[in-house]
Amino acid sequence: MKHCYIDTETTGLNPAKHEIIEIAIITENEDGTFERWHTKIKPDHIETAHPKALEVNGYTPEAWEGAPNFEDVVPEITSRLKGSILVGHNVNFDIRFIEALLDKANCELKISHRGTIDTITLVREHLLPTGLPSPSLDKTRRWLGWSLEGAHSALKDAEDCMRLRHTLERSTWLQRQIWGFLGSRRFSADKTSME
């Protein structure tokens with residue numbers, strides 16, 4: 001079955017007043033092939049943005065110059081997500097924002113998907129018992145020794161979500177023990193370096 005790994009970068013946490021300004025969809029087809037698509041989206045109401053959200057996702061008018069309007073990306077989003085299992089880190093957050101975007105575009109075609117997989121659930125099941133203090137994607141990356149370079153860009157987060165699902169679903173008891181040992185050492189080293 002087709003899986004779509006999704007991530008959105010937004011101007012805040014409330015889909016009723018904030019907007020998607022970047023989206024990535026990585027499609028894992030049934031034959032094992034992958035398609036990557038991502039785009040920035042020009043915000044309509046940047047004045048309602050939360051400053052912390054813009055700081056986290058790196059929004060600047062210059063970086064978003066020439067980005068398409070939301071109406072231009074809706075057909076691509078709906079065609080890619082149609083009939084797939086949606087996978088994300090806190091996937092319902094992304095789905096709520098995507099649905100708000102479709103409503104804003106008066107899109108009659110709704111996302112029809114075959115369910116969701118939330119990688120936060122996988123992290124809680126496989127990594128929290130090893131000592132990981134939080135299921136956030138950044139802490140999970142640090143625990144596993146993955147790079148945080150490019151974090152909070154939609155494509156990097158979708159890529160790491162896909163990597164996380166495949167890593168954790170195939171993990172063994174021994175791998176989890178190793179992650180616990182190495183992860184706690186990384187966190188201790190980070191604490192020491194900040195003191």
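The values are calculated or read from the model by the stated rules, or taken from the named source; none is laboratory data. Predicted, not measured: the structure shown is a model, and the values here were computed from it. Note that each Cβ is placed from the backbone with ideal geometry, even for glycine, and that neighbours are counted across all protein chains shown.
Filtered by the rule that a residue be within 20 Å of GLY115 (Cβ to Cβ) and not acidic (Asp, Glu), region 1-22 gives MET1, LYS2, HIS3, CYS4, TYR5, ILE6, THR8. Within region 161-171, if we keep just the residues that are in a helix (DSSP H, G or I) and without any contact (Cβ under 8 Å) to a residue 40 or more places away in the chain, the residue that is surrounded by the most Cβ atoms within 10 Å (Cβ to Cβ) turns out to be THR167. Scanning region 14-26 for residues that are of a type in the set (A, V, I, L, M) and either under 14 Å from SER153 (Cβ atoms) or within 14 Å of the chain's Cα centre (by Cα) (or both) yields ILE20, ILE21, ILE23, ALA24, ILE25, ILE26. Listed by first and then second residue, the pairs linking a residue in region 144-156 that is more than 17 Å from HIS38 (Cβ to Cβ) and exposed (fewer than 12 other Cβ atoms within 10 Å of the Cβ) to a residue that is among the basic types (Lys, Arg) and modelled with pLDDT of 95 or more, with Cβ atoms under 8 Å apart and 6 or more places separating them unless they lie on different chains, are SER147/ARG141.
Between THR48, THR78, THR119, THR60, the distinction of being under 30 Å from TRP173 (Cβ atoms) and of a type in the set (Val, Ile, Thr) belongs to THR119 only.
Applying the condition of being basic (Lys, Arg) and outside any strand (DSSP E or B) to region 36-63 and asking which residue is surrounded by the fewest Cβ atoms within 10 Å (Cβ to Cβ) yields LYS52.
Filtering region 116-133 to residues that are in a loop (DSSP other than H, G, I, E, B) and of a type in the set (A, V, I, L, M, F, W, C) leaves LEU127, LEU132. If you go through region 106-115 one residue at a time, do you hit one that is on the phi < 0 side of the Ramachandran plot and either in a helix (DSSP H, G or I) or under 16 Å from the mean Cα position of the chain (by Cα) (or both)? No, region 106-115 has no match at all.
Taking interchain pairs and intrachain pairs at least six residues apart, which have beta carbon atoms under 8 angstrom, with the first residue in region 71-99 and on the phi > 0 side of the Ramachandran plot and in contact (Cβ under 8 Å) with a residue 60 or more places away in the chain and the second in a loop (DSSP other than H, G, I, E, B) and surrounded by 14 or more Cβ atoms within 10 Å (Cβ to Cβ)? So the pair list comes out as GLY83/LYS2; GLY83/HIS113.
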